[in-house]
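Working notes, structure below.
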Amino acid sequence: NALELTTKHVVLMLCTDGDELGREGSAAQDFVDSVVALSKLPVKIIVRLYTDDDRIIDFFNRLDSKLTDIEVLDDYFGEAMEVYLHNPWLTYGLGLHRLREAGLTSDFVGELDERCFSIEDIHRFCEEFFTGGEVDLPHPNNWDAFISSLATILSNEKQQWNPIMRRQTAWIDIKKLEKMFGRRKRHSMSNTSFQYSGAGVGRRESLSSEASGGDSNRDDVTLEQVIQRWSHQPPDYKKLNSMQDLLVNMPTLFPPTNTTVESHEYFGKWKSLSREAFTGEGEELNSLLKRAARRSKLFLHPDKLPKDLTKSQTILFQTIWDVMQEQEMKTLS
């Protein structure tokens, strides 16, 4: 009660390999009950996982998705890959990771490993992270002023170790920002929030159109055609698309983009990936593809799917699973 009156909160950090918790049983349920009880108090829970067991990772990720005051973190390199898959414009420095481990960042910053930030989000992040919200950074409406001010800020910051590129880089990759968002500076933002969906190159509508051969809402488009245009390369559709294309364009298979299958809340659990995360090569690209493939397995595995899927939903998930397994064998084996 005293904490609630002062608007303060306690940070509780749990370091665990979760060995007993990844199994169905009383230990797991007791833990969940305890966390739920704590979540009703002014307590922020940071779970620092020390495991590569998919079972345990899935257990904590599901818990994370249900509760707002719990954050599940991997080790530094693993978390850096998670952030990069969504937001490759950011160098995930060790200092930022330590702040998150200590529960000293906002819930907004905690979303870096959950979704692709829009340019509005990036502007907010830069203001919060570099100026503490005390200095107004020019809005991306004025793209040149925004980039110029950001470059000035970065020139006064030390470069950080980039665990993805394995070298020192600036906190923000301005060239990548230009590539992802700069072309939009020619268009008025007055009628849009300048969103970047992350489902490819920020153009979900056009991707959905491509996936259905030009019109995603045509009544004569079949589920088989939508899947085929996602999975295989035109014009003969005999060769599989690259693994990164399959991963990035996966949202085009889900409602509302795909109108040939019924809606289900489970589709919303997929976390879109940024196409710009897969522009590297060699070991850098392979490491990111392995990480993304691992995540897709946790989402697509038959044992994880809801029990109330319709026939078309079941066909869709099974086909995606088969295609991803086949391409993973070709790409990463």
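The values are calculated or read from the model by the stated rules, or taken from the named source; none is laboratory data. All figures in this text were calculated on a predicted structure; none of them were measured in a lab. Here the Cβ positions follow ideal geometry from the backbone for every residue, glycine too, while neighbour counts run over all protein chains shown. Ligands, DNA and RNA are stripped out before the accessible areas are found, and what is left, the full protein with its side chains, is counted by its heavy atoms. Shrake-Rupley method; radii C 1.70, N 1.55, O 1.52, S 1.80 Å.
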* Asked: Counting only protein chains, not ligands or nucleic acids, how are Thr7, Thr222 ordered by accessible area (probe 1.4 Å), most first?
  -> Thr7, Thr222
* Ala2 paired with Ser263, simple spin-label distance in nm, labels 7 Å along Cα-to-beta-carbon -> 4.9 nm
* Which value results when the Cα radius of gyration for the chain is divided by 2.2 N^0.38 Å? -> 1.06
* Structure fact -> Non-local residues with an amide H under 5 Å from the amide H of Ile70, with H modelled 1.01 Å from N and Pro and chain starts lacking one, are Ile45
* What figure in square angstrom, to the nearest 10, would you give for the accessible area of Glu265 with a 1.4 Å probe? -> 150 Å²
* Alpha carbon centroid spacing (whole Å) that separates the range 67-111 from the range 26-54 -> 18 Å
* Cut-off under 5 Å, modelled amide H: who pairs with Glu262 long-range -> Gln313
* Asked: How large is ³J(HN,Hα) for each residue in the range 106-118, as worked out from phi by the Karplus curve 6.51 cos²θ - 1.76 cosθ + 1.60 (θ = phi - 60°), to whole Hz, x for Gly and Pro?
  -> 6, 4, 4, 5, x, 7, 4, 9, 10, 7, 6, 6, 6
* Ordering of 48-59, 297-308 by packing [mean C-beta count within 10 Å, highest first] -> 48-59, 297-308
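Calculate for the chain the 222 nm mean residue ellipticity that helices alone would give, adding -39,500 (n - 2.57) per DSSP H run of length 4 or more and normalising by residue count, nearest 500 deg cm²/dmol.
About -13500 deg cm²/dmol.
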* Take peptides 315-328, 76-89 and line them up by average Cβ neighbours within 10 Å, highest first, as a rough protection proxy. => 76-89, 315-328
* What shape does the range 66-142 have by the C-alpha gyration tensor, where a ≥ b ≥ c are the square roots of the eigenvalues, rounded means a/c under 1.5, and otherwise prolate means a/b greater than b/c and oblate the rest? -> prolate
* If each of Thr131 and Thr68 carries a label point 7 Å out from its Cα toward its Cβ, how far apart are those two points in nm? -> 2.7 nm
* **Paramagnetic reach from Arg48 (point 7 Å along Cα→Cβ, amide N under 17 Å) across the range 105-134** => 105
* Enter the accessible area per residue of the chain (Å², integer; probe 1.4 Å; all protein chains in place). => 51 Å²
* Asked: Simple spin-label model, 7 Å along Cα-to-Cβ: Leu285 to Asp220 in nm?
  -> 3.8 nm
* Asked: By the scheme Lys and Arg +1, Asp and Glu -1, what is the net charge of all other residues having a beta-carbon under 13 Å from that of Phe130?
  -> -3
* Asked: Over the Cα atoms of the range 276-333, what Rg and Dmax result, in angstrom?
  -> 13.5, 41
* the range 42-187: Rg/Rh from Cα coordinates, Kirkwood Rh? -> 0.98
